[in-house]
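See structure below.
Each reported figure results from applying straightforward, stated rules to the coordinates on display, with no laboratory input. Being a predicted model, the structure only gives us computed values, none of them experimental. Cβ sites come from the backbone with ideal geometry, for glycine too, and all protein chains shown count toward neighbours.
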Amino acid sequence: NAGVMQNPRHLVRRRGQEARLRCSPMKGHSHVYWYRQLPEEGLKFMVYLQKENIIDESGMPKERFSAEFPKEGPSILRIQQVVRGDSAAYFCASSPTGQGGNYGYTFGSGTRLTVV
Amino acid sequence: EDQVTQSPEALRLQEGESSSLNCSYTVSGLRGLFWYRQDPGKGPEFLFTLYSAGEEKEKERLKATLTKKESFLHITAPKPEDSATYLCAVGAPGGAQKLVFGQGTRLTINP
């Protein structure tokens, strides 16, 4: 029973490149959440998606960041033209319903993005 | 704005030395208070959800309690394997799909 799978585990990008982070939710889960953990800071909500829909993107930076969860395949968090300040751990979580927090999200192990 | 503050930032205990971690919160309409455990290099692991003042939940050596302004995570007779960062979060208004996290307490249990 695989949990939430994120890849890659580690990603190094040069300034100005694009970063693509992937998240496959647990089997049977159709709700996906992305969080970012900056060094020495707590987890911050970025976006909540269902299949083919963005439900809440209130935590996403206005520029360069986008997320999708297509009908088939993993959820993708895309960061264009990365800058050093984007260096962080990005965590994906999934739940079977939209009340994911009520039952405790299942988090993946994260992707650690380093921008050089 | 919803805020969650955890204290202390770091705590070192000897094996068997019981203690408590604090989580104070300011939120307009609590939709759950959540505790997670995070090991280095891993994602947070769900421990407890509490919904109303006076509620308590237990799991092995951990017990979580909730008042109207704060939550405590009590750890009884801890073992080295309890060493981790413990995160507290609150469900934000609009739905528990968005959690507001504190910065965590880094707990170290020395053998």
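Only a single item in (1) in a strand (DSSP E or B); (2) out of contact with any Asp or Glu (no Cβ under 7 Å at 6 or more places or on another chain); (3) within 13 Å of chain A (Cβ to nearest Cβ) is not met by B:VAL100, and it is number (2). Give A:VAL82, A:VAL115 a once-over and let me know the one that is in contact with a helix residue (DSSP H, G or I) (Cβ under 9 Å, 6 or more places away or on another chain), more than 12 Å from every other protein chain (Cβ to nearest Cβ) and surrounded by 15 or more Cβ atoms within 10 Å (Cβ to Cβ). None of the other options fit; the residue is A:VAL115.
When the stretch A:44-98 is filtered for residues that are at positive phi and among the acidic types (Asp, Glu), only A:GLU52 remains.
Kindly indicate whether any position in the stretch A:55-67 is in contact with a Ser or Thr (Cβ under 9 Å, 6 or more places away or on another chain) and basic (Lys, Arg). No, because not a single residue in the stretch A:55-67 is in contact with a Ser or Thr (Cβ under 9 Å, 6 or more places away or on another chain) and basic (Lys, Arg). I'd like the residue in the stretch A:7-55 that is of a type in the set (Gly, Ala, Ser) and in a strand (DSSP E or B) and, out of all such residues, is surrounded by the fewest Cβ atoms within 10 Å (Cβ to Cβ). Checked the stretch A:7-55; the qualifying residue surrounded by the fewest Cβ atoms within 10 Å (Cβ to Cβ) is A:SER24.
So, B:LEU30, is that one within 14 Å of chain A (Cβ to nearest Cβ), surrounded by fewer than 21 Cβ atoms within 10 Å (Cβ to Cβ) and assigned to a loop (DSSP other than H, G, I, E, B) or not? Taking the combined requirement at face value, the residue satisfies it. Can you work out which of the residues in the stretch B:33-53 that are out of contact with any Gly (no Cβ under 6 Å at 6 or more places or on another chain) and either among the hydrophobic types (A, V, I, L, M, F, W, C) or farther than 18 Å from A:GLY3 by Cβ (or both) is farthest from the other protein chains (Cβ to nearest Cβ)? Across the stretch B:33-53, the extreme among qualifying residues is B:ALA53. A residue that is closer than 17 Å to A:GLN37 by Cβ, within 14 Å of chain A (Cβ to nearest Cβ) and either outside any loop (DSSP other than H, G, I, E, B) or not β-branched (Val, Ile, Thr) (or both) occurs nowhere in the stretch B:54-61.
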